[in-house]
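Trainee: Quick one: this structure, given as structure tokens, is what I'll be asking you about.
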Amino acid sequence: MITIKTQEGIEKMRAADLIVSETLALVAGMLREGVTGLELDAVAEQYIRQQGGVPAFKGYGGFPASLCISINDAVVHGIPSSYAFQSNDMVSVDCGVVLDGYFGDAAYSFAFKEVNEETIQLMKVTKESLYKGIEQARVGNRIGDIGYAIQEYTERQHGYGVVRDLVGHGIGQALHEPPEVPNYGRRGRGLKLKAGMTIAVEPMINMGTRKVRQEKDGWTIKTRDGKPSAHYEHSIAITENGPDILSNHAIIEEKVKNNPNLIDI
Ligand code: MG
Ligand code: MG
């Protein structure tokens, strides 16, 4: 069932999303060569709990950590490990928090300073596509308008692969609610958008093939051709005044700018 949130519910989601965004900003400040995903995850979990939140991913379907950390050809759902980051890695970090019964969910891809130009371009285009999708999240538009905008820009204009097997989603009093929010679609098709709907828009864009496979760990999704994949995500509310972005990438980007180990995308 698609739930319509009150303004009070939306504000509770914004509070959860603020913890999510602050956690990702903390991660952005910690990224340097030699750091491991396990170290980031420990700091993230501690921060989330200090703020009174609960990590939403930990234990979700048996997922073992508070962050999903997906490196290079990993698309999403990577498990934090003891792998030490290298200066040419792209690292996608996804975080979820529940606070006072409401969920926040956002993701950001980071580039260490020796990431190649081709991958930087993929990241830029993926991030831009997130906002092109969000721009379509308006009362009276349809779910297909969001996916169409993302697919048109990434696939048709830039020749990248839009992952089909994983999609954005409704969010609110559950981490994943209906409707599904695909990053591909047809204009004017699908569910009609109404004020009070809250969704996570999250393009997962591959440099090469759109096809993915699951690792033996039962979680990590990787590209089939081993080429890189980028992922950016916001949780948003659809309102009479247009899309209201509940998560906050600006505080993450501020940390990226001030971290000499990272490229500012
Ligand atoms: Mg997420
Ligand atoms: Mg999500």
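Bear in mind that the values in this text are calculations on the coordinates, not laboratory data. Every value quoted in this text rests on a predicted model; they were computed, and no experiment measured them. We place every Cβ from the backbone using ideal geometry, glycine too, and count neighbours over all the protein chains shown.
Trainee: Subtracting the Cα-Cα distance from 0.36 nm times the residue separation, let me have the gained length for LYS257 to GLN173 in nm, one decimal.
Mentor: Length gained, LYS257 through GLN173: 26.9 nm.
Trainee: If the limit is 29 Å between Cα atoms, which of LYS58/LYS192; LYS194/LYS255; LYS227/LYS257; LYS124/LYS222; LYS5/LYS257 go over it?
Mentor: Among LYS58/LYS192; LYS194/LYS255; LYS227/LYS257; LYS124/LYS222; LYS5/LYS257, the Cα-Cα distance tops 29 Å for LYS58/LYS192; LYS194/LYS255; LYS5/LYS257.
Trainee: For n ≥ 4 DSSP H runs only, could you compute -39500 (n - 2.57) per run for the chain, divide by its residues and tell me the 222 nm figure to the nearest 500?
Mentor: Only helices count here, giving -9000 deg cm²/dmol.
Trainee: What trypsin sites (Lys or Arg not before Pro) in segment 164-223 are in a loop by DSSP, with at most 16 other Cβ atoms within 10 Å of the Cβ?
Mentor: Answer by residue number: ARG164, ARG186, ARG187, ARG189, LYS194, LYS211, LYS216.
Trainee: Just need log10 I(q)/I(0) for segment 73-153 at q = 0.19, 0.27 Å⁻¹, Debye formula, equal scatterers on the alpha-carbon atoms, no solvent, rounded to two decimals.
Mentor: Values, matching the q order: -1.01, -1.24.
Trainee: Next question, about the same structure. Do any GluC sites (Glu not before Pro) in segment 1-53 lie in a DSSP loop with no more than 15 other beta carbon atoms within 10 Å, and if so, which?
Mentor: Of the GluC sites (Glu not before Pro), the ones in loops of segment 1-53 whose Cβ has at most 15 other Cβ atoms within 10 Å are GLU33.
Trainee: When a/c reaches 1.5 or more, the comparison of a/b and b/c decides; with that in mind, is segment 129-228 rounded, prolate or oblate per its Cα gyration tensor?
Mentor: Verdict is oblate for segment 129-228.
Trainee: Calculate the FRET efficiency for THR36 and GLU11 from the Cβ-Cβ distance with a Förster distance of 35 Å, rounded to the nearest 0.05.
Mentor: The formula returns an efficiency of 0.45 here.
Trainee: In addition: Report the Stokes-Einstein translational diffusion coefficient (µm² s⁻¹, integer) for the chain, Rh taken as the Kirkwood radius over Cα pairs, at 37 °C with viscosity 0.692 mPa s.
Mentor: Here the translational diffusion coefficient equals 182 µm²/s.
Trainee: What order, most packed first, do the peptides 253-263, 120-130 have when packing is the mean number of other Cβ atoms within 10 Å of each residue?
Mentor: The peptides rank, most packed first, as 120-130, 253-263.
Trainee: Tell me the label-point distance for the pair GLN46, GLN86, using the 7 Å Cα-to-Cβ offset, in nm and rounded to one decimal.
Mentor: Those two pseudo-labels are separated by 2.9 nm.
Trainee: Can you list the DSSP H helices in the chain whose Cα atoms extend at least 15 Å along the helix axis and whose mean Kyte-Doolittle hydropathy is -0.5 or higher?
Mentor: Helices meeting the criterion: 7-30, 37-50.
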